[in-house]
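Please read the structure below before turning to the comments.
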Amino acid sequence: MFVQSHTPFAEMHEYKDKTVLVVGGDYDKCQLVAKDHYGFQNVVTPGDIVSAHPDIWPFSKVFMDYYKSFAKPLPKPINPSTPSETLKIDAIFVYNDPRDWGLDSTIILDLLLSSRGRLGTLSPQNGSPTLPNRGYQQDAQPPLYYSNPDLWWAASHPLPRLGQGGFRVAFAGLWDAVTGGAKLEYTMFGKPHQLTYEFAERRLRAHRKMLFGQRGLNDPLRRVYMVGDNPESDIRGANEYKSPHGSLWRSLLVKTGVYREGTVPSCEPTVILKDVGEGVRWAVEDSGKS
């Protein structure tokens, strides 16, 4: 089974028939995952929006050939003079690392400041001192979901590169500057967060039931080994996870990615090992299997 950071979005059935914005990734790959694999019926990307309305972010003109290579028509135009006829977004999902931070930040900001998720509108409640959070995100704006909090990830470059967590922090700073310090409401999936580990354990338990049937229910999943290269996500998640089913999680830190040998990891793992192969062998021995 292959679970990515955005795979838990597949369980968000309340948005399957709504219009959602999918952000991040190359071309329309994430949109296709949302539609073809997760069952979302009405998916819009920032590339669709800027291709139909280039003035929404004028600095993306240099990328317009790229966007037009995969953009599709919008279900509705942006027509703020007739709010009932303008494009309305019901949820925002950041599936993967954004490529065009300026465009993506602008559209997400527009939606979080809008009235009821209608692009091109501004909520009259923004900045109201009589409302919670000074009126920001109090007018049925679409909820914002991130799939991955990793600030760094290991690439071919000798130093780690900024990941989706970098975009999240940058957008939080933009939101703070625009709203004068209003709280930004969002939901975070991905490691090390509890929701993602719960999802992974549900998948493991279902797989165990498929393999062993009733015997799997009578002999439940008792131990899980988390092998990862990032102390702040993989290891912290396994260390802090509170299983609703009582399983014991052990964290195995490997030296083949973000973690650099000879440094002190920010979260102490159960054990530090050379690579995934050594991690699997260690787990088999630790579990008492021959």
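The values are calculated or read from the model by the stated rules, or taken from the named source; none is laboratory data. Predicted model, so just to flag it, every value in this text is computed and none were measured. Reconstructed Cβ throughout: ideal geometry from the backbone, glycine too, with neighbour counts over all protein chains shown.
Looking at region 127-160, which of its residues are more than 19 Å from the chain's Cα centre (by Cα) and crowded, with 22+ Cβ neighbours inside 10 Å?
Y136, Q137
Answer yes or no as to whether L174 is outside the structural domain of P244 (by TED's automatic domain parsing) and modelled with pLDDT of 90 or more. Reasoning before the result, please.
Working: outside the structural domain of P244 (by TED's automatic domain parsing): yes; modelled with pLDDT of 90 or more: yes.
Yes; evaluated as a whole, the condition is true for this residue.
Among the residues of region 38-84, how many are basic (K, R) and under 15 Å from L21 (Cβ atoms)? It would help to see each step written out before you state the result.
Initial filter on region 38-84 (basic (K, R)): 61, 68, 72, 76.
So of that shortlist, the ones also under 15 Å from L21 (Cβ atoms) come out as 72, 76.
Total meeting the criteria: 2.
Here are some conditions: (1) within 13 Å of the chain's Cα centre (by Cα); (2) buried (at least 20 other Cβ atoms within 10 Å of the Cβ). V3 meets all but one. Which one does it not meet?
V3 satisfies all of (1) within 13 Å of the chain's Cα centre (by Cα); (2) buried (at least 20 other Cβ atoms within 10 Å of the Cβ) except (2).
To keep it simple, each residue is scored yes or no on (1) of a type in the set (G, A, S); (2) over 22 Å from D90 (Cβ atoms).
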residue	(1), (2)
G120	yes, no
L144	no, no
W152	no, yes
S156	yes, yes
G166	yes, yes
W175	no, no
K191	no, yes
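What are the pairs with Cβ atoms under 6 angstrom where one residue, in region 157-183, is within 18 Å of D104 (Cβ to Cβ) and the other, located anywhere, is surrounded by fewer than 14 Cβ atoms within 10 Å (Cβ to Cβ)? Sequence gap at least six, or different chains.
R161/A155
Which of the residues spanning region 241-286 are touching a residue at least 40 places away in the same chain (Cβ under 8 Å) and exposed (fewer than 12 other Cβ atoms within 10 Å of the Cβ)?
K242, P244
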